[in-house]
Amino acid sequence: MSATRMMILGLVRWMQPVHGYDVRRELLSWSADKWANVQPGSIYHALRKLTDEGLLRTVSVEQVGARPARTTYEVTAKGEDEFETLLRAQWWQVQEPPDPFVAAFSFLPAMPREEAAAALRNRANLLRAGVESMRASLDSDWVRNRKPVHVGWMFELWLARAEAETAWCERIAERIESGVSYLPDGMERAEGWSGWTDGSR
C-alpha cells in the first residue's frame with residue numbers, strides 16, 4: 001500500500017491540479033499494476049482516503065451531464081511531507097516483494113523431480129521470452145525518444161533480474177535431475193522431518 005500511496009501522491013504532485021481519471025490513466029499507461037501492485041480498482045478509493053487524511057485537497061468537482069462527477073486534486077503541505085518520506089523509504093531500503101513462486105519452491109520435495117526440473121526450464125523459457133520483449137522495448141522509439149531516460153534504466157534493472165533468474169532456473173533444474181539429496185546427511189532421520197518426501201513418489 002505504501003507504494004500505491006507514494007505513486008498517487010507523486011503523480012498528483014507532478015500533474016496538479018489533476019482529475020482522478022487522469023491519475024488512473026497515467027498509472028495504467030505505466031503498467032504500474034504489474035510492477036508496483038497498483039490495482040486500477042483501488043486508485044479512486046486511495047484518492048478519497050488520501051483526501052480524508054489531509055494529504056490531498058479537492059480543488060473542484062465537475063458534473064457534465066449524466067457522466068460521473070470528476071474531482072480535481074492537489075497535494076497539501078502534509079501530502080508533500082508524506083510523499084518525501086515514502087519516496088526516501090523506498091530508495092534507502094531493500095524490500096523483497098511477496099513472490100508466490102518462492103512459496104511454492106519451499107515445497108520442492110513434494111514435486112516429482114522430473115516435473116520440478118521441467119517446470120523450472122519452462123519458467124526459464126518464459127523469462128527468456130520476457131527478456132526479448134524488454135530488449136525490443138529498450139531499442140524502440142517509444143523508450144528511446146518518447147520516455148524519460150530513467151525509464152530505460154528501469155528496463156535494464158528488470159532485464160538484469162530476469163536474466164539472473166533464468167540462469168538460476170536452469171542451474172537448479174540440473175541439480176534436481178542429478179538426484180542430489182534435498183536434505184543434509186542424517187537430517188532425513190531428524191525429528192520433525194519424517195514427512196519430508198523427496199519428490200520420487
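Note down the Stokes-Einstein diffusion coefficient of segment 1-97 in µm²/s, whole number, using a Kirkwood radius over alpha carbon pairs, 4 °C, and 1.567 mPa s.
Working: Rh = 13.7 Å.
In µm²/s, the coefficient rounds to 94.
Would you give the gap between the C-alpha center of segment 72-134 and the C-alpha center of segment 8-34, rounded to a whole Å?
22
Once you have a ≥ b ≥ c as the square roots of the Cα gyration tensor eigenvalues for segment 84-138, tell me rounded if a/c is under 1.5, and otherwise prolate or oblate according to whether a/b is larger than b/c.
On the way: a/c = 5.60, a/b = 1.47, b/c = 3.81.
In terms of gyration-tensor shape, oblate.
Pairs of alpha-carbon atoms within less than 8 angstrom and 6+ residues apart define the contacts here; what relative contact order does the chain have, in percent?
Details: 181 pairs, mean separation 40.2, N = 201.
Relative contact order for the chain comes out at 20 percent.
I need the fraction of alpha carbon pairs in segment 47-142 separated by more than 23 Å, rounded to a whole percent.
Numbers: 2948 of 4560 pairs.
Here the long-distance tail beyond 23 Å is 65 percent of all Cα pairs in segment 47-142.
Residue by residue, what Karplus-based ³J(HN,Hα) values in Hz, rounded to whole numbers, does segment 175-180 have, using 6.51, -1.76 and 1.60 with θ = phi - 60° and x for Gly and Pro?
Values per residue, Gly and Pro as x: 5, 4, 5, 5, x, 4 Hz.
Would you calculate the separation in nanometres between label points at residue 142 and residue 52, each defined as 7 Å from the Cα along the Cα-to-beta-carbon direction?
If labels sit at residue 142 and residue 52, their model points lie 3.7 nm apart.
If you take the alpha carbon radius of gyration of segment 72-116 and divide it by 2.2 N^0.38 Å, what ratio comes out, to two decimals?
Numbers: Rg = 20.4 Å, N = 45, 2.2 N^0.38 = 9.3 Å.
For segment 72-116, the normalised Cα radius of gyration comes out at 2.18.
Just name one of 95, 106, 51: the one whose Cα is farthest towards the positive end of the charge dipole of the chain (beta-carbon charges, Lys/Arg +1, Asp/Glu -1).
Farthest towards the positive pole: 51.
On the full set of protein chains, 1.4 Å probe, figure out the accessible area of residue 57 and give it in Å² to the nearest 10.
100
Can you compute the charge dipole magnitude of the chain about its Cα centre, using +1 on each Lys and Arg Cβ and -1 on each Asp and Glu Cβ, nothing else charged? Give it in debye, rounded to the nearest 20. Intermediate values should be presented prior to the final figure.
Values: 25 positive and 28 negative charges, 149 e Å.
Charge dipole of the chain: 720 debye, to the nearest 20.
Roughly how many percent of the accessible protein surface of segment 1-159 is carbon and sulfur, given a 1.4 Å probe and a whole-percent answer?
Values: 5920 of 10290 Å².
That fraction is 58 percent.
What order, most packed first, do the peptides 167-177, 31-41, 8-18 have when packing is the mean number of other Cβ atoms within 10 Å of each residue?
Details: 167-177: 15.8, 31-41: 13.6, 8-18: 18.6.
The packing order, highest mean first, is 8-18, 167-177, 31-41.
Over the chain, one equal point on each Cα, no solvent: what is log10 I(q)/I(0) by the Debye formula at q = 0.08, 0.12 Å⁻¹?
Once normalised to I(0) and log-transformed, intensities are -0.46, -0.81.
Go through segment 137-149 residue by residue and turn each phi into a ³J(HN,Hα) via Karplus (6.51, -1.76, 1.60, θ = phi - 60°); whole Hz please, and just put x for glycine and proline.
5, 4, 8, 7, 4, 4, 8, 5, 10, 10, 10, x, 4
With a 1.4 Å probe and every protein chain left in place, work out the accessible area per residue of the chain in Å², rounded to a whole number.
Working: 13380 Å² over 201 residues.
Using a 1.4 Å probe on heavy atoms only, each residue of the chain averages 67 Å².
Can you sort 19, 150 by solvent-accessible area, 1.4 Å probe, largest first?
Working: 19 35, 150 95 Å².
The ordering from most to least exposed comes out as 150, 19.
Which GluC sites (Glu not before Pro) in segment 13-102 pass both tests, a DSSP loop state and at most 13 other beta-carbon atoms within 10 Å? The partial results should precede the final answer.
Numbers: sites: 26, 53, 62, 74, 80, 82, 84; in loops: 53.
Sites meeting the loop and neighbour criteria: 53.
The values are calculated or read from the model by the stated rules, or taken from the named source; none is laboratory data. Since this is a predicted model, take the numbers as computed values, not measurements. Using ideal geometry, Cβ is built from the backbone for each residue, glycine included, and neighbour counts are taken over all protein chains shown. Quick note on the areas: whole protein, heavy atoms, side chains included, nothing else; ligands and nucleic acids left out. Shrake-Rupley method; radii C 1.70, N 1.55, O 1.52, S 1.80 Å.
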